[in-house]
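Working notes, beginning with the structure itself.
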Amino acid sequence: MSDDFEKFKACAVEILSVSPDQVTMEATFGEDLGADSLDLVELVMKLEEEFDVTVDEDELEGIATIGQAYNLIISKK
Amino acid sequence: MSRVVLVTGGNRGIGLACARAFADAGNQVAITYRSEAPADSADILCVRCDVTNAEQVDAAFTEIEEKLGPVEILISNAGMTIDKLTMRMTDDDFSDVLDSNLTGGFRVAKRAIPKMMRARWGRVIFIGSVVGSIGQAGQSNYAASKAGLIGLARSLAREFASRNVTVNVVAPGPVATDMFSAVDDAMRDAITGAVPLGRMAEPSEIAAAVQFLASDSAGYITGVVLPVDGGLGMGG
């Protein structure tokens with residue numbers, strides 16, 4: 001996996017308090033990772049900082065998996 | 001247990017009484033002030049900050065975090081009055097008071113809460129006012145700002161309850177502070193006459209309520225408005 005994904009994974013592990021092997025492209029935030037809406041806001045803020053990008057609120061709609069979130073962040077770089 | 005406490009507008013009046021009470025109880029206390037740092041503050045970190053300026057708020061928190069650690073207890077107290085009858089009140093008179101008293105509270109809470117969330121422990125206490133509930137002729141701007149804090153506090157209480165961050169309002173009645181010394185004698189007599197307990201509060205009496213809400217004993221209390229008003233607002 002790319003360095004970007006490793007960086008993304010580290011953020012998710014820290015903010016969501018999950019283990020690195022849980023952070024797969026298919027993992028869903030709610031069911032698989034037990035994240036609630038506050039966790040997601042915190043994660044997005046952390047990702048914005050780490051990747052130096054800005055994500056609008058409406059872009060987050062429908063983002064349910066790690067892969068979707070990762071692709072969104074990478075598309076901003 | 002020693003906590004890191006920030007009191008905005010902590011250089012005088014209710015804010016200073018809160019800062020002193022928390023410092024005397026062995027906490028690490030910071031205050032923000034706009035005009036002048038208090039004299040009696042050797043054990044208090046004093047940071048100049050105007051809560052109407054988000055950059056200054058961020059800088060003040062950064063300094064406090066570096067010197068004391070993340071803020072665990074936030075007392076949002078900074079505020080101002082521009083008293084006028086509404087017919088004489090300009091849009092700026094109104095919005096300036098809201099920007100300081102209400103939006104200022106939003107700014108400091110927003111800056112403080114992420115660290116509290118991470119710590120899974122936090123206390124936010126807004127200093128409201130009895131006039132936020134009962135209104136006051138000549139203070140429509142101030143009353144609106146203080147009423148607004150209640151909706152703000154209760155929304156934050158719901159948003160962050162799952163992270164063990166409680167958010168409450170202490171609503172003083174008339175308190176013997178500089179803010180009240182601007183009021184003339186006849187007005188002061190009329191106000192204290194309306195208070196069932198027949199006197200103004202001492203700032204320390206407000207601080208005592210704040211300290212209680214900030215304590216571990218108050219861990220199951222969130223979203224409340226605690227009046228400390230000598231009975232003035234009863235039934236409101």
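Percentage of Cα-Cα pair distances in the range B:126-236 greater than 16 Å, rounded to whole percent? Each step should come with its number before you reach the end.
Values: 3714 of 6105 pairs.
Here the tail beyond 16 Å accounts for 61 percent of pairs.
In nm, to one decimal, how far is the modelled label at B:D96 from the one at A:E6, with both set 7 Å along Cα→Cβ?
5.6
Relative to the Cα centre, what is the charge dipole magnitude of the range B:4-226, using +1 at the beta carbon of each Lys and Arg, -1 at the beta carbon of each Asp and Glu, and rounding to the nearest 20 debye?
Numbers: 20 positive and 25 negative charges, 167 e Å.
Approximately 800 debye in magnitude.
Rank these for me by crowding, B:K110, A:K46, going from fewest to most other beta carbons within 10 Å.
Least to most surrounded, the residues fall as B:K110, A:K46.
Test of the criteria: in the range B:17-118, which GluC sites (Glu not before Pro) are in a DSSP loop and have at most 16 other Cβ atoms within 10 angstrom of their Cβ?
Numbers: sites: B:E36, B:E55, B:E63, B:E65, B:E66, B:E72; in loops: B:E36, B:E72.
When the GluC sites (Glu not before Pro) of the range B:17-118 are filtered for loop state and at most 16 Cβ neighbours within 10 Å, B:E36 remain.
How many lysine pairs are close in the range B:4-226, with Cα atoms under 25 Å apart and the two 8 or more places apart or on different chains? Please list the in-between numbers first.
On the way: B:K67/B:K110; B:K67/B:K115; B:K84/B:K146; B:K110/B:K146.
Lysine pair count for the range B:4-226: 4.
If you build the Cα gyration tensor of the protein assembly as shown and take the root of 5 times each eigenvalue, what three semi-axes come out, in whole angstrom, biggest first? Could you put the intermediate results ahead of the total?
On the way: eigenvalues 336, 82, 65 Å².
One finds semi-axes of 41, 20, 18 Å for the protein assembly as shown.
Would you mind ranking B:D229, B:D83, B:D216 by Cβ crowding within 10 Å, fewest neighbours first?
Numbers: B:D229 25, B:D83 16, B:D216 9.
Neighbour counts put them in this order, fewest first: B:D216, B:D83, B:D229.
Can you give the extra length, in nm with one decimal, that the chain gains between B:D43 and B:R88 once fully stretched, where that is 0.36 nm per residue apart less the Cα-Cα distance?
Details: separation 45, 0.36 × 45 = 16.20 nm, distance 4.34 nm.
Roughly 11.9 nm would be gained on extension.
With r as the distance between the Cβ atoms of B:S35 and B:A186 and R0 = 41 Å, compute the FRET efficiency 1/(1 + (r/R0)^6) and round to 0.05.
Working: r = 28 Å, r/R0 = 0.69.
Calculated value: 0.90.
Non-local amide H neighbours of B:A171 (under 5 Å, H modeled in plane, Pro and chain starts lacking H): which ones?
Counting only residues 5 or more places away or on other chains, the set is B:G128, B:L226, B:V228.
Counting pairs of Cα atoms in chain B, how many percent are more than 21 Å apart?
53
What is the magnitude of the charge dipole of chain A about its Cα centre, with +1 placed on the Cβ of each Lys and Arg, -1 on the Cβ of each Asp and Glu, and no other charges, expressed in debye to the nearest 20? Working shown, then result.
Details: 5 positive and 20 negative charges, 49 e Å.
In debye, rounded to 20, chain A gives about 240.
According to the Cα gyration tensor, what semi-axes, each the square root of 5 times an eigenvalue, does the equivalent ellipsoid of chain A have, listed from largest to smallest in whole Å? Present the calculation step by step, with values, prior to reporting the outcome.
On the way: eigenvalues 53, 42, 26 Å².
Largest first, chain A gives 16, 15, 11 Å.
Can you list the HN-Hα couplings for the range B:59-76, worked out from phi with the Karplus curve (6.51, -1.76, 1.60; θ = phi - 60°), rounded to whole Hz and with x for Gly and Pro?
Whole-Hz 3J(HN,Hα) from phi for the range B:59-76: 5, 5, 4, 4, 5, 5, 4, 5, 8, 10, x, x, 5, 9, 10, 10, 10, 8.
Ignoring the sites themselves, what is the longest stretch of chain A with no GluC sites (Glu not before Pro) in a DSSP loop and at most 15 other beta-carbon atoms within 10 Å?
Numbers: sites that count: A:E26, A:E31, A:E61.
Longest stretch, sites excluded: A:32-60.
Laboratory data are not the source of any read-out in this text; all were calculated from the coordinates shown. For clarity, every value in this text was computed on a predicted model and none was experimentally measured. No Cβ is skipped: glycine too gets one built from the backbone with ideal geometry, and neighbour counts run over all protein chains shown.
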